[in-house]
Every structure is written in C-alpha cells, then in structure tokens.
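Note sheet for the following structure.
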Amino acid sequence: MVISQYFLLNQWDSVVSATSVIGLQWGDEAKGKIVDLLSEQHEIVVRYLGGNNAGHTVKFDGKTYKLSLLPAGVLNPNVTSVITGGVVINPKAFLKEMASIVEQNGPIEASRLLISDRAHVIFPYHMQEEVIFENSRKEKAIGTTMRGIGTCYRDKAGRTHAIRMGDLVRPDFFRSRLEEIVPYKNKMFQSLDPESEPLSVDAIYEEYSGYAETLKPHVVDTSAYLLKAVDEKRKILFEGAQGSLLDIDHGTFPYVTSSNSSGCGIHNGSGVSERYIDKMIGVVKAYTTRVGGGPFVTELHDEIGQRIRDVGNEYGTVTGRPRRCGWFDAVATRYGANISGVDCIAVMLLDVLSGLDELKICEAYDVNGTQVTDFPSHILDLEQAKPVYRSIPGWKEDITGIRRMEDLPENAIAYIKAVEEIIGKPVEIVSVGPDREQTILLK
Ligand code: GDP
Ligand code: IMO
Ligand code: MG
C-alpha cells in the first residue's frame, strides 16, 4: 500500500462518482496504471470494449501485473470488476489470465468479477479467418493482434453467425447455434484455403461447454447491474482499452480496431450513458507510439526513436512487437481529446524523455503545401501529412523520484504547459515511472 499517493489522492478532489479513463492516442498510453491508482477511490471498475487485444501493465509493491481481458480493478479486493456486452471474450484466454492473476494476487470470487451475458464470444475460427484476411492485404495489412477481435465483431454486426455469453451458458441453444454456424464457416474456409482442416461441431462444443461451466457463475446482465449502481450513486470507474485514434468510426480507418475505442464507446459498450460520468480523464504518453500498420506523422526512424523505444521499453504487452515511436503529435491527440470529450489530461512516461537535448511537439500538419491543425479524416491525406514542430529544450535530470510539479526541472514544466496549451485541456496527472507511487497529482 502506497500511503503517500493515496493520501494525496484523497486530497485530490477530482475523483467523483463516475470517472472514465480513455487513451487519446493509438493505445498503450498507460491507462492501466491510472485505472489501478484510481480504483482505490471506486467500488466498480468496468471494461466496456475490445478483448484480449489490450495489454495493461500495472506495477505496485515491487510486483508487475499484466492484464488483457480482466479489468485492472481485479487487483483490488474491494472492487467489483465488470466486463460488459461491448467486450468480445475469448473464454480460454480469460481463464488463463484469471488463473495467473489468482496465483499472483489471491482468489477472485465470482461476485467480484461479472461478465455480461451480452458479450460476444471469440471462437478458434475467428482467429483462423483473421490470419487469412490479414495475409491477403500483404504490405497493407492492418497489423492486428490476431486475437480474432475484428472477426468476432464482424459476426456480431452480421448477427447470423454470432454467439454471446448468454448463449454459451445454455447448452442446447449453444449446440444448435454451432450446428447452424460451423457448416458455413467450413464452406468459407474450404473456398479460401482448400488445405484447411474442417472444423468439428463436436470438438468446439465439448471444449467451450467446459469453459461455460466454469464461467457460468460470473455471467449476469451487467447493464442492469450498472444501471442499479448508477441509481445508488456507487462509484464507478470506466477503464478504456485501445485508444481514441484506433476507434472504428473516428480513428485512422482502416488501421483501427473494430470497436469504439474513444470515449464514444462508453455508452454503447456498457449501457451507461456518458451523462452519468462526472469526470473523463484522457491519458497520453509524453511522446507517441503505435503498434501495427497505418500512418504515423511524427514517427522517428532514427536513433532518438530507438532511444525512446529502449528507455520506455516500448514492446507490446500482448504480442511483444516493437512499438513504433515518435514525437508527441498534438494534432492527433487534440482530436482524440475532443472526440472523447475529456475534461483533463494525464501525461504519462515523462521520465522517458529525460536526457534528450531537444524535444519536439507537432502542432500542425503540412498536407500538400497547406498547413492544417484539424486531423485529416482520410488515410491518403494523413499519409501525405508532414509534421510542423514546436521545439522545446530538454532536461538532463532523472525525474523518476519527483512527486511534486514544482520540483520538476523548468524545461519539463514548460513541456507539460505546452501540451496543455495545444491540447486545450488541463494536465491533472503527470507520471514519472511505472510504479503507482511515481505519480504527480496536480490541482
Ligand atoms: P495501457 O495499455 O494504456 O495500459 O499501457 P501499457 O501497459 O500497454 O503500456 C504502458 C507501459 O508503460 C507499461 O509497461 C507501464 O508499466 C509503463 N509505465 C506506465 N507509466 C509509466 C511512466 O510514467 N514511466 C515509465 N517509464 N513507464 C511507465
Ligand atoms: P491497449 O488497451 C495498442 C492495435 C493493433 C492493430 C489494430 C487492430 O493495450 O492500449 P485488433 O487486434 O484490435 O484488430 O488490431 O489495433 N491495437 C492496439 N494497439 N494498444 C492496444 O490496446 C491495442 N489493441 C489493438 O496493434 O494495429
Ligand atoms: Mg497496452
């Protein structure tokens, strides 16, 4: 237990009854750390989108926890964690992750980890389809996590081939759904890949019935649970996954994920309207990273990019892929902040920039000779965009032990002020290391 930061947190009057934590870039902004820190002030933590494509790392008391499908709230024994209908669930991955967290952190009773009966289920054929479609795009591949996320969401939108958690826990109904779906999947695989082994209804039924049996005590109507909690004014924290620029509708399409990963997704993913959320916190890295394909205006291919990757340990939690690194893109991030409707900003991994002589913030794009500050909506314009930078002198000091804004080097403060000014939202949290304790709370 980190007394000093929790003490500060209690003084920090910004935590209200419902709070949301949303990534404003392309994911991996360190949302997990903020959710873990704030979970102490909340009774319920909610994951409302994505699936085991997410990877949230949390560090405290000398231990590191890696969460993918489970909300970071599971680490706190006083919190009920909720996985809503907007999430897609791979039951095998869920149980594996749960077993590892239980081993590290102790038991998680079913009443403390709820799964929506509306959440859609990922099956092995979703992964198989994704491999075929991703490979077909060759160098234009989206660079997905290959977890069957997009293909499961596609079946959800298509409806005829979808199976939800509520179906999975009803054995006869589940079997009848598989009998309807699997022959179609086999026809499709045969035509796309004649070498492929046909799927067996019996094998899938047997494997997934086992998961259903174990998961059944967790499966409830989470919308009803949350709406009651809202009525009772219980403190709810919404844990974003991915980031605003990966949003299916508002992100850098088609290089996005398959759900509304900006603030827009909270309502449709959870059933709880944003009007009940008093505070929306936008999480940003002090620089920019991206995993997978797609345009990245401020990407650095030089030794500074490699240095950021090394110091920030920028390798994916889920796939281990090296993350692409670049300067802070304020054009993209401001757009992410506006789309998500955030009230304030948490600037994370500021310590990673220590030791650089000069820092750059991209404050506009040059698109075919015209300067723009609005984020381009079409991928071809974004691919043409050149960054227009503001230069800020760096600092040499190690800042990982600093806990108060006024103790930061002058240039680090100037950097935060510049972020605040260009994004147009107040910075209320600054993170200077991965541990819970390494956090500066401002007000
Ligand atoms: P998320 O997906 O948004 O939760 O972010 P990830 O967990 O994928 O990536 C963030 C990484 O940065 C994790 O490894 C964290 O432990 C680490 N981290 C969080 N805050 C800081 C910080 O202020 N400084 C440094 N150096 N690392 C941090
Ligand atoms: P967290 O919650 C970073 C990226 C993938 C790929 C694109 C589509 O840890 O911030 P998908 O498998 O979702 O169809 O892949 O989205 N992506 C993420 N990038 N952080 C994430 O989650 C991501 N989840 C998906 O790399 O480019
Ligand atoms: Mg991550």
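The values are calculated or read from the model by the stated rules, or taken from the named source; none is laboratory data. For clarity, every value in this text was computed on a predicted model and none was experimentally measured. Glycine also receives a Cβ, built like all others from the backbone with ideal geometry; neighbour counts cover every protein chain displayed. Please note that ligands, DNA and RNA were not included when accessible areas were found on the heavy atoms of the full protein model with its side chains. Shrake-Rupley method; radii C 1.70, N 1.55, O 1.52, S 1.80 Å.
Here are the numbers for this structure:
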quantity: Rg over Rh [alpha-carbon atoms, Kirkwood Rh] for the chain; calculated: 0.97
quantity: Exposure ranking of Ile379, Ile22 by accessible area [1.4 Å probe, largest first]; calculated: Ile379, Ile22
quantity: Percent antiparallel among DSSP beta bridges (both partners in the chain, rounded to 5); calculated: 40 percent
quantity: Solvent-accessible area of Lys156 with every protein chain in place, 1.4 Å probe, in Å² to the nearest 10; calculated: 70 Å²
quantity: In segment 94-148, the GluC sites (Glu not before Pro) that fall in loop regions by DSSP, at most 16 other Cβ within 10 Å; calculated: Glu109
quantity: Amide H contacts under 5 Å for Asn90, placed H, 5+ residues apart; calculated: Asn52, Ile122
quantity: Cross-link reach list, aspartates and glutamates versus Lys187, counting only Cα pairs under 20 Å and skipping chain neighbours closer than eight places; calculated: Glu129, Glu130, Glu134, Asp155, Glu179, Glu195, Glu197, Asp202
quantity: Sulfur and carbon atoms: percent of accessible area, segment 120-217 [1.4 Å]; calculated: 55 percent
quantity: Residue order for Glu213, Glu180 - accessible surface, 1.4 angstrom probe, largest first; calculated: Glu213, Glu180
quantity: Residues whose placed amide H lies under 5 Å from that of Phe328, excluding near-sequence neighbours; calculated: Thr288, Lys360, Cys362
quantity: Accessible area in the full protein assembly, largest first, 1.4 Å probe, for Asp172, Asp329; calculated: Asp172, Asp329
quantity: Cross-link pairs Lys92/Lys216; Lys285/Lys417; Lys31/Lys360 - those with Cα-Cα distance over 18 Å; calculated: Lys31/Lys360
quantity: Accessible area expressed per residue, the chain, with surrounding protein chains retained (probe 1.4 Å, Å²); calculated: 40 Å²
quantity: Simple label model, 7 Å out from Cα along Cβ direction - Ile132 to Thr160, nm; calculated: 1.6 nm
quantity: Local electrostatic count, Ile204, Cβ distance below 12 Å [Lys/Arg +1, Asp/Glu -1]; calculated: 0
